[in-house]
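Take a look at the structure set out below.
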Amino acid sequence: MHTDIHTISLVIPVYNEEENLPELYRQCREALEDLPYAWEILLVDDGSTDTSLACIKALAAADSRVRYLAFDRNHGQSAAFAAGFAHAGGEVIVTLDADLQNDPADIPRLLARYAEGDVDMVIGWREKRQDTWVRRGASRLANAIRNALTGETVRDTGCSLKVLRTDLARRLPVFTGMHRFLPTLMKMHGARVAEMPVHHRPRTRGVSKYGILDRAWTAWWDLLAVRWMQHRHVSWRVRETNLPPTP
């Protein structure tokens, strides 16, 4: 059992999601209220050009458990996650998207699996994905290629709903596209990873920030970079030392 869990940090990148934020907050609060942990919601505004930041500030003013970071401009989802990992106050991080396609009601199940203590990360896979057949097909192909090159068996690395150990998350290399390879990068640092089916909902407000072809080429280069890191990764275990424990 993980007995060192005191606070859960939800890390949520936000880019032009003004229509979704009040409902996202309500659903997250409802999902977390009965958990035996303190919690916070850390919203990372990724240079939104709508009123998302104003909405975030209003939520933070009404509830001290809502915290936020606001970028100077759009830096991308990987940067938003990395900033959230660096500033999270909890021992455990939960990641999800702000578009309401992830269901916050799944969070307690993923946390319960994590709390069993035999894993360091739990990732959701969208069992019944509510997207067009084109997006579903492109995702399956991308997952197959990614798994073939990295030696993984991850069903759905594109699902943002994940639970991970904060101290390991802070050790991950940061690069554009990092968020697509979180399970692989976590394993490189010794993490044990489990998968669980989660709900997926159609987008009803706002506009998707990603196309299919616009990220295929960069995703390919990211994949090659991750494969290189796997091959060249250095790790060690200290057998004994007289150094004091690190803080």
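The values are calculated or read from the model by the stated rules, or taken from the named source; none is laboratory data. What you see is a predicted model; the values in this text were computed from it and never measured. In this analysis, Cβ positions are derived from the backbone assuming ideal geometry, glycine residues included, and neighbour counts consider all displayed protein chains. What goes into the accessible areas is simple: the full protein's heavy atoms, side chains included, and nothing from ligands, DNA or RNA. Shrake-Rupley method; radii C 1.70, N 1.55, O 1.52, S 1.80 Å.
Consider the range 83-107. How many of its residues are closer than 25 Å to Arg205 by Cα and open to solvent by 10 Å² or more (accessible area, probe 1.4 Å)?
Narrowing the range 83-107 to residues closer than 25 Å to Arg205 by Cα: 84, 94-107.
Now narrow it down to the ones that are open to solvent by 10 Å² or more (accessible area, probe 1.4 Å): 97, 99-101, 103, 105.
Qualifying residue count for the region: 6.
Of everything in the range 183-215 that's open to solvent by less than 60 Å² (accessible area, probe 1.4 Å) and aliphatic (A, V, I, L, M), which residue is modelled with the lowest pLDDT?
Met188
Taking the stated definitions as given, is Asp72 surrounded by fewer than 19 Cβ atoms within 10 Å (Cβ to Cβ), out of contact with any Asp or Glu (no Cβ under 7 Å at 6 or more places or on another chain) and over 16 Å from Lys162 (Cα atoms)? If you could, list the steps in order and put the result at the bottom.
Values: surrounded by fewer than 19 Cβ atoms within 10 Å (Cβ to Cβ): yes; out of contact with any Asp or Glu (no Cβ under 7 Å at 6 or more places or on another chain): yes; over 16 Å from Lys162 (Cα atoms): yes.
Against the criterion (surrounded by fewer than 19 Cβ atoms within 10 Å (Cβ to Cβ), out of contact with any Asp or Glu (no Cβ under 7 Å at 6 or more places or on another chain) and over 16 Å from Lys162 (Cα atoms)), Asp72 qualifies.
Just give me the residues in the range 6-30 being in contact (Cβ under 8 Å) with a residue 40 or more places away in the chain, out of contact with any Ser or Thr (no Cβ under 6 Å at 6 or more places or on another chain) and open to solvent by 20 Å² or more (accessible area, probe 1.4 Å), in sequence order.
The answer is His6, Thr7, Glu19, Glu23, Tyr25, Gln27, Glu30.
Would you check which residues across the range 168-182 are at pLDDT 90 or above, touching an Asp or Glu at 6+ places or on another chain (Cβ under 8 Å) and buried (at least 22 other Cβ atoms within 10 Å of the Cβ) and list them?
none
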